[in-house]
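A short write-up of the structure that comes next.
The values are calculated or read from the model by the stated rules, or taken from the named source; none is laboratory data. It should be emphasised that the depicted structure is a prediction, and the values quoted were computed from it without experimental measurement. Counting neighbours? That spans all protein chains shown, and the Cβs are built from the backbone with ideal geometry, glycine included.
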Amino acid sequence: MKPLRIPWKTIGIVIVVTGICVVGVYCVTPGFFRLRTMKQSESELQQTFNEHEDKKVDLHRYLDCLKTDPITAEKVARDEMGMSKDNEIIFKFDR
């Protein structure tokens, strides 16, 4: 019985296809890692954006409250700006 001989053409095709696969994996793999990193970064940025949007909404509510509610405006003026009514003396104590 004769040994099975594989033609050189078939061996060449297998080597070329294997080489193409290796080069493809080598070129594509870093892209997948970069894509995963970018998706994680996008997720973190989206979360930060949502937090800032929530804070913006809260600040708009607070601003509307300051514009429309005189009691809140007076409290802010007294506590944060140190303002007082006429003939009123403010005492400040160290805590």
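What number of residues within the range 75-95 are in a loop (DSSP other than H, G, I, E, B) and either touching a strand residue (DSSP E or B) at 6+ places or on another chain (Cβ under 8 Å) or surrounded by 10 or more Cβ atoms within 10 Å (Cβ to Cβ) (or both)?
Count: 2.
I want to confirm something. Restricting to the range 54-82 and keeping residues that are among the acidic types (D, E) and over 35 Å from the mean Cα position of the chain (by Cα), which single residue is nearest to K92 (Cα to Cα)?
The selected residue is D79.
Any idea which of T68, T72 is at pLDDT 85 or above and surrounded by 10 or more Cβ atoms within 10 Å (Cβ to Cβ)?
Numbers: T68 fails: surrounded by 10 or more Cβ atoms within 10 Å (Cβ to Cβ).
The match here is T72.
Suppose we keep only residues that are hydroxyl-bearing (S, T, Y) and surrounded by 10 or more Cβ atoms within 10 Å (Cβ to Cβ) within the range 11-42. Which one would you say is nearest to the chain's Cα centre (by Cα)?
Restricting to residues being hydroxyl-bearing (S, T, Y) and surrounded by 10 or more Cβ atoms within 10 Å (Cβ to Cβ), the top hit is S41.
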